[in-house]
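Here is the structure we will look at.
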Amino acid sequence: MPIGGGAPVAVQTMTKTETADLPATMAQVRRVAEAGADIVRVAVPREKDAEALKTIVAQSPIPIIADIHFNHTLAIKALRAGAHCVRLNPGNIGGPDKVAEVIAVASELGTPLRVGVNSGSLPAHLRQLEYDNPVEALVTAAVETVELMERLDFDNFKVSMKSTSVPNTIASNRLLAQRIPYPLHLGVTEAGTKWSGSLKSAVGLGTLLADGIGDTIRISLSTFHAEEEVKVAWEILKALKLRERGPVLIACPTCGRLQFDMDSVVAEVERRLEAYEDPIEVSVLGCAVNGIGEARHADFGITGAKDAGMIYSKGEPLRKVRTEELVDVLFEEIDKYYERGKVVEFDKTAAAEAAEWLAANEDATAMTPERLAALEKAAALDEAQSPVAGRRFKRPPDIAA
Ligand code: SF4
């Protein structure tokens, strides 16, 4: 799995099982691989975990990283067991001599390492700096780690700098990316629950990835289901159009114009789309008042009303359907599209009936959320192009306070 050097950003996660529990660990490794993990990390805190690595490495469909803290002997055992990479923080492994011993084995075997620092365990000499400037302290610790690797003549590594703070994660990685030429592993450590952790990670990692920083990512969520971390990572990469995997679902936020149970329809569409691997784009609109609106580019879409709805493709009406059949007919059309080799066939009569339904339900004058957003966007553009753009005006004195 190439990391850095322009390779696609790799998705990784970490198993939550006791590593030596082979059936449980292997089941989770397979589940995360199926969900799209490129690499998986396993904790190796005991001898028996290092021992189990041999089997895990042999049976895993994706590369295995051994996660080691404090114990350089375990790091060496993990390398000898065939781990595809070993993660360690040189700062907590017992001094430069012990790091050198690990590096010697990694060099001999040609195995990469992930080296890094965590905000919670910076070296003692950086404590004051950590207090005064936590970002600079993190970056200094990471640069010192890189210098140690270079002194040991080792360059087969990626670097990580973990913080629980989103702003510090962003600022420190931006700084580190300017200072070192090595691949970066990104993550917001102990991000939280599925809900808050996903958002924190999306903001922190998304900002960096949008800047072109980051070569591999892990979303840390408080859940025993590691595949959830993988799904979130993929959503971030897909949202930034950095990688494609599986369908993209677009759904309107709904509003008072909604006349059918869109919550269940979207959930059902999302569930059934999981069976498809192609990056097909499917849209669900809660009503037809906007016409097909911003879902015009979707490969397929549905828009519904109380009794009937419409299936469309690439902005063109395809069929009018009873509301309760919308999802089934949508998937019938998607399946036919693949059977024909990704070709959409429009039946003239059905398309005309759908177009007629659309015309009857469309309302070009309604102020929908989408139209308001479009107006605001156009106004912002006008303002930016205005000759007084960027000028600041004084408030009238009566409201200046
Ligand atoms: S107006 Fe827009 S947000 Fe409201 S239901 Fe229709 S498509 Fe959805």
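Of note:
- Failed condition for Arg218, given (1) surrounded by fewer than 23 Cβ atoms within 10 Å (Cβ to Cβ); (2) among the basic types (Lys, Arg); (3) modelled with pLDDT of 95 or more: (1)
- Within the stretch 57-162, strands (runs of 3 or more DSSP E) holding 3 or more residues that are over 28 Å from Val11 (Cβ atoms) and either at pLDDT 95 or above or of a type in the set (S, T, N, Q) (or both): none
- Residues of the stretch 295-307 that are of a type outside the set (Val, Ile, Thr), within 15 Å of the ligand (Cβ to nearest atom) and either outside any loop (DSSP other than H, G, I, E, B) or open to solvent by 40 Å² or more (accessible area, probe 1.4 Å) (or both): Ala295, Arg296, Gly301, Gly304, Lys306.
- If the condition is being within 15 Å of Glu281 (Cα to Cα), in contact (Cβ under 8 Å) with a residue 40 or more places away in the chain and assigned to a strand (DSSP E or B), then the stretch 309-337 contributes Ile311, Tyr312.
- Scanning the stretch 1-56 for residues that are in a loop (DSSP other than H, G, I, E, B) and closer than 21 Å to Phe157 by Cβ yields a count of 12.
- In the stretch 296-313 there is at least one residue that is in contact with a Cys (Cβ under 7 Å, 6 or more places away or on another chain) and among the aliphatic types (A, V, I, L, M).
The values are calculated or read from the model by the stated rules, or taken from the named source; none is laboratory data. Remember, it's a predicted structure, so these values are computed and weren't measured experimentally. Backbone-built Cβ (ideal geometry, glycine too); neighbour counts: all protein chains shown. Ligands, DNA and RNA are stripped out before the accessible areas are found, and what is left, the full protein with its side chains, is counted by its heavy atoms. Shrake-Rupley method; radii C 1.70, N 1.55, O 1.52, S 1.80 Å.
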